[in-house]
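The block underneath contains the structure these notes are about, expressed in structure tokens.
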Amino acid sequence: MPFDPLVRIRMSPVVVVAMLTLLMGTQPITTDLYLPALPTLVLSLKTDVAAVQLTLSVLIICFGVAQLAFGPLSDKYGRKPVLLWGMAAYTLASALSAVAPSIEWLVLCRALQGAAMAAAVTCGRSMVRDLHAPQEGARVMSRGLSGLGVIAAVSPLLGGWMVGAWNWHAVLWVLALYGALTMAFIALKFQETLPQRKPDATQLKPLLRNWRQVLSHPTFRTWTALISFSYGGLFLFLASSSFVYIQVLGLSRLAFGAVVASNSVAYVTGTWWCRRSLALRGAKRTVWWGGFLSLGGGLSMAVLSLAGLHSVWAMLLPQWLYALGHGVHQPCGQAFALGPFPDKAGTAASLSGFIVMVMAFAVGLCLGRVLNGTVYPLTLGLGAFSIAVATVAWTWVQRHGEAPVNNISLSPQAT
């Protein structure tokens, strides 16, 4: 069925950014709200650190794999129905997680939760490509990711307070409420953005052909590599920081929540700077400068730890620098990776998201084996990721970062 472009105009820029914030924010609230509960789970469910880490790792890998399905499904049936079914499943999985009597139950429910939230993130990224050409889309994405950063800033503080005041079950009930409210907002406000449904999007032969076309494009590979390495460093912090800051450095859960929240504030600042730099310098130059932020943060943290400075500030200040860089790389990477594919944005978004989550899953698996009661798994790992991010930003992005596109935006002017 052909798509009426006037439908795009009925969603105001404010609604689009609010929708994008809620959809993209599903991922950080699902992880960051939960982080302060990780040490508590070891005692509450009578398990070990590796099993608790698995509740995070399985969430991430199921989130990544499910994107491979939700992208083509949204290209075939539209963004709205996939979003509604996905958020319904997310809400149910969150409620089941909240009443988990064992670590095995919790791992299973978190897997379902991760798969369901893939619908939100995949369709959110696809919606931006439906409505905007890449340069404009990067600015809109930066606004949505600024809202994501606010959610990420509040989540660990709220999670730390809730775990201390009640228990880890309360955290997961909040996720169920978030899912239900987001689903209601979609039902009431979301207007379909898919330009034209692709009936063959989920058939094996066309699907494999689409995957091959997307994966073979140098622009897609470049931006996906950038956001994969950048998110790998961020996920390393998210997955290990509760153990490092609480158990190694001796912070309280509430103080740890403030540490994670401050990291999110730095990230929001990075998205703000990205939005303004894009208008002045373009994507390539913006990311070039972002590479210095990433490298400065990761390398300084590694060097300070090797010099024997194992304190909160010796880790926090470099982490802020890295988060600033991440706030630059993510909006650009998520918008420009989809740029060459206006006709298959869902498929391209799903592949990009899957690759990023494979990186995160690998980080989670490694952490389960190398966390050793010191700061080094975090500090040295972030140093390695920062080198990779800067290398991609200064080389591949400068050569392959922008591909010509044929379509123009039919959306309202980006705010």
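Each reported figure results from applying straightforward, stated rules to the coordinates on display, with no laboratory input. Because the structure is a prediction, the values reported are computed rather than measured. Glycine gets a Cβ as well: all are built from the backbone with ideal geometry, and neighbour counts include every protein chain shown.
The residue among L351, A323, G164 whose Cα reaches farthest toward the positive pole of the charge dipole of the range 6-400, with charges on the beta-carbon of Lys, Arg, Asp and Glu, is L351. Nearest 10 degrees, 0 to 90: what angle lies between the long axis of helix 134-165 and the longest principal axis of the chain (Cα atoms)? Tilt relative to the chain: about 30 degrees. Values of log10 I(q)/I(0) for the range 122-217 across q = 0.17 Å⁻¹ run -1.00, by the Debye formula with one identical scatterer at each alpha carbon and no solvent.
The distance linking the range 47-101 with the range 198-242 is 17 Å (Cα centroid to Cα centroid, whole angstrom). Taking a ≥ b ≥ c as the square roots of the eigenvalues of the Cα gyration tensor, the range 341-392 is classed as oblate, since a/c reaches at least 1.5 and a/b does not exceed b/c. When only the Cβ of Lys, Arg, Asp and Glu is charged (+1, +1, -1, -1), the dipole of the chain relative to its Cα centre reaches about 780 debye. From largest to smallest, the equivalent ellipsoid semi-axes obtained for the range 260-340 from the alpha-carbon gyration tensor read 27, 12, 10 Å.
Computed from Cα atoms, the angle from the helix 13-32 axis to the main principal axis of the chain rounds to 30 degrees. Calculation over all alpha carbon pairs of the chain in 10 angstrom steps from 0 returns a P(r) of 5, 24, 35, 25, 10, 1, 0 percent.
Most tightly packed first, judged by the mean number of other beta-carbon atoms within 10 Å of their residues, the peptides 326-337, 225-236 read 326-337, 225-236.
Packing around the peptides 293-303, 245-255, 174-184, 48-58, taken as the average count of other Cβ atoms within 10 Å per residue, puts them in this order, highest first: 293-303, 48-58, 174-184, 245-255.
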